[in-house]
Each structure stands twice: as structure tokens, then as C-alpha cells.
Amino acid sequence: MARSLSSLIIKGVAGYPAAHSSRIPTNKVESSGLSLKEIVEQDVKENPVMLYMKGVPEFPQCGFSSLAVRVLSHYNVPISARNILEDPELKSAVKAFSHWPTFPQIFIKGEFIGGSDIILNMHQNGELKEKLKDLSANQKSE
């Protein structure tokens, strides 16, 4: 049972395309000289799609993070991400910043959107397409 479950998970993760242009901010937050709050603010401000998740887009460490990556990847927009499993203090700082208790947490154009369930719903009703429609063009001009 465990072997078949693990094989399904690996096949499932391998079957999800990675983000078109994945950018991962450095996880070396302690060497930046900024507070964790300032780092989160900078991440959200500087990255049009910022994902705080368990794992990285190429290898999510939970089903909800995997779902978020799959939905966002559908739009071929650059995804920036930080692995909150690597730094418990960063995880707490993100929760305090967004006032949201769970992960993943998705920010688009500086706005907190929510988790994977919210972007899945937005994808299904067309709101996410509208919110992301100009990101590819914006990234090319920067």
C-alpha cells in the first residue's frame, strides 16, 4: 500500500508542469540584514506571484502546495516561492503578515489571495485568469 501510494505521489508530482519561469528568492533570510517582516514585504512587493509553500514549485511537499503550483502553472506566469519548511520563523512571519493561519499562501501583485482552495475556485470561475492576464507581458518589459 505504501509503495503504491508513494508511486502515485511521485507520478503525480512528476506529471505537473513546473511554472513557466520559476524564480525562487533566496532562503538565506538571516544574511540579508532585513527583519523577517521586511523580507516578506519585499517578497510580496517585488514578485508579481509570490507563493509561500511547503517545498518548492518543482517538488511540493504537501498536496495543497502541489495544487497551488498546478493551478498557477496553468497560466505560464513567473512564480516566486519560499519553502516555509526551511525556516519556522519565516513561517510565523508570513502568518503574521497575512493574518492567515495555513499554507500555502499566495500573493498576486502585492495582494494576499489566500490558499490553494481559493485560487482553485478563482481558476474555475475565471477570476484567476483575469487577475493574471497581464503578468506575462509585464515580465517581458521589466
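Once phi is turned into ³J(HN,Hα) by the Karplus curve 6.51 cos²θ - 1.76 cosθ + 1.60 with θ = phi - 60°, what whole-Hz value does each residue of segment 114-121 show in order, with x for glycine and proline?
Those phi angles translate into x, x, 5, 5, 6, 6, 5, 4 Hz.
Kindly identify segment 57-112 as rounded, prolate or oblate by the Cα gyration tensor criterion: order the square roots of the eigenvalues as a ≥ b ≥ c, call it rounded if a/c is under 1.5, otherwise compare a/b with b/c, prolate if a/b is larger, else oblate. All intermediate terms of the calculation are to be shown ahead of the outcome.
Numbers: a/c = 1.99, a/b = 1.36, b/c = 1.46.
Here segment 57-112 falls in the oblate category.
To the nearest 0.05, how large is the calculated FRET efficiency for residue 124 and residue 102 if R₀ is 30 Å and r is the Cβ-Cβ distance? Kindly include the intermediate steps, with their values, before the conclusion.
On the way: r = 20 Å, r/R0 = 0.67.
Using R0 = 30 Å, I get an efficiency of 0.90.
5 Å is the cut-off here: which amide hydrogens, built 1.01 Å from N in the peptide plane, fall below it relative to residue 49, excluding neighbours closer than 5 in sequence?
80, 109
With a 10 Å radius around each residue's Cβ, average the other Cβ atoms per peptide and rank 125-133, 72-80, 36-44, highest first.
Put in order of decreasing packing, that is 72-80, 36-44, 125-133.
Send over a whole-number figure in Å² for the accessible area per residue of segment 33-77, probe 1.4 Å.
For segment 33-77, the per-residue accessible area is 45 Å².
Quick one: what are the phi-derived ³J(HN,Hα) couplings along segment 61-69, Karplus 6.51/-1.76/1.60 with θ = phi - 60°, whole Hz, x for glycine and proline?
Those phi angles translate into 9, 8, x, 5, 5, 4, 4, 4, 5 Hz.
Going from most exposed to least, what order do 135, 34 have by accessible area with a 1.4 Å probe? If you can, show how the numbers build up before the last one.
Numbers: 135 5, 34 75 Å².
Descending accessible area places them as 34, 135.
The values are calculated or read from the model by the stated rules, or taken from the named source; none is laboratory data. Keep in mind that this is a model prediction, so the values were computed, not measured. Every residue, glycine as well, gets a Cβ built from its backbone with ideal geometry; the counts of neighbours run over all protein chains shown. Areas reflect the complete protein model, heavy atoms only, side chains present, ligands, DNA and RNA absent. Shrake-Rupley method; radii C 1.70, N 1.55, O 1.52, S 1.80 Å.
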